[in-house]
Amino acid sequence: MAAGEQDGPVLVIDIGGTKMAAGVAEPGGRLITWTQVPTAHDVDGEHLWRILEDLLLEVLEVAKIPGPEALSGIGCGCGGPMEWPAGLVSPLNIPAWRGFPLRPRLAARFGSGGGPVRVHNDAICAAAGEHWRGAGRGKRNVLGMVVSTGVGGGLILDNRLISGASGNAGHIGHVVVYPEGPACVCGGRGCLEAIARGPGLVAWAQQHGWRPGQPEMTAKDLAADAAQGHGVAVKALRRAGHALGIAIASATSLCDLEVVAVGGGLSQAGQLLFEPLQEALAVHARLEFARKVRVVPAALGLNAGLVGAAALVCAGDRYWTAG
Ligand SMILES: [Zn+2]
């Protein structure tokens, strides 16, 4: 076994503003079992931790793991920002957790097996999962993207996850695509995320006459209407696809990528999103090496984050740089 690899079952977790997922993975990344619950938003931080704790106990029981001491490690993806690698998390979309000691809590409650307990950004985990066992398998230079409520990403270069100075490398959602564009939640302007995040798309479409005055509408509704040929809905997805293509062209020129795997809820819109993406990419990625990049839908779907969380532990030599 190579350094950094594990031989027993791994507890895997994926925490976002919409859902908390947990499972048990074999060392090779196959999920023995997994389940998820909606992320509770009407509870305090301690209550949310207890919900997660119950979820983890449940998957251990279903997987017939006798106790935490039988685990060879714990891998966890969580929405950012966070203090990394310490694992103190302050997810933008989970206000109840600000500086919440997620990694220390996991280690104290489920770490008696003595294996590594590793927490990283959820989009980075999804990218690691796609590189390890999904659409980027076998390629050495991959950008994994999650296009959903936000736009996240993770970067694998020369077969290794790039973490950066503070664990935040790969934040393609905050690459600027239209400097005069809408304000972004990060405080900047014209970021990819400001244009292509689901709620941003919905807001733009409603301003342009799609289902005005229906605040409950989501990007999923928008994509469904676009599939039916609703003009404004189609334009909204074209706008997002175009912005994605520009950002991917820039990233490809910078990093000499082979594959970009695009996942997250919005990627389910299929050709309505990917066609304008490819058009913009063809216009903006002109250098010979950059023209070779392949942009593909993510292969692991909802499980990318959990599989990537397993990769942090089971293939730490490639996906964990913090020592
Ligand atoms: Zn931004």
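Points worth noting:
- Per-residue [θ]222 nm for the chain (sum of -39500 (n - 2.57) over DSSP H runs n ≥ 4, rounded to 500): -11500 deg cm²/dmol
- For the range 253-301, a/c is not less than 1.5, where a ≥ b ≥ c are the root eigenvalues of the C-alpha gyration tensor, and a/b does not top b/c. That puts it in the oblate class.
- Take the chain with all the other protein chains still there, run a 1.4 Å probe, and you get 42 Å² of accessible area per residue.
- Additional length obtainable on full extension of the chain from VAL283 to ARG30, 0.36 nm per residue less Cα span: 87.2 nm
- LYS235-ARG189 pseudo-label distance in nm [points 7 Å out on the Cα-to-Cβ vector]: 2.3 nm
- Packing, taken as the mean count of other beta carbons within 10 Å per residue, orders the peptides 40-46, 266-272 from highest to lowest as 266-272, 40-46.
- Under a Gaussian network description of the chain, with springs only between Cα atoms under 10 Å, the residue in GLY129, GLY99, GLY153 that fluctuates furthest is GLY99.
- Ordered from highest to lowest accessible area with the whole protein assembly present and a 1.4 Å probe, PHE289, PHE100 read as PHE289, PHE100.
- Calculated P(r) of the range 212-275 - Cα pairs past 12 Å, %: 71 percent
- Carbon + sulfur, % of accessible area of the chain - ligands and nucleic acids excluded, 1.4 Å: 53 percent
- Probe 1.4 Å - accessible area at ARG137, Å² to nearest ten: 140 Å²
- Note on the range 171-255: dipole from Cβ charges, positive end direction compared against TYR178, GLY188, LEU222; the farthest Cα belongs to TYR178.
- In this label model, SER166 and GLU180 are separated by 3.1 nm, measuring between points 7 Å along each Cα→Cβ vector.
- Taking the range 243-262 and a reference point 7 angstrom along Cα→Cβ of ARG137, the backbone N atoms nearer than 20 Å belong to 258-262.
- Sorted largest first, the principal axis extents computed over the alpha-carbon atoms of the range 25-104 equal 33, 27, 20 Å.
- Rough spin-label spacing in nm, given labels placed 7 Å along Cα→Cβ, for ASP221 and ALA70: 4.6 nm
- Using a Förster distance of 25 Å, the FRET efficiency for ALA108-GLN268 (Cβ separation, nearest 0.05): 0.10
- Taking the empirical scaling 2.2 N^0.38 Å for compact globular proteins as reference, the chain has a Cα radius of gyration ratio of 0.98.
- Length added when fully stretched, VAL37-LYS292, from 0.36 nm per residue minus Cα-Cα: 87.8 nm
The values are calculated or read from the model by the stated rules, or taken from the named source; none is laboratory data. Please read these numbers as outputs of a predicted model, since none were measured by experiment. Virtual Cβ from ideal backbone geometry, glycine too; neighbours counted across all protein chains shown. Heads up: the accessible areas ignore ligands, DNA and RNA and are worked out on the full protein's heavy atoms, side chains in. Shrake-Rupley method; radii C 1.70, N 1.55, O 1.52, S 1.80 Å.
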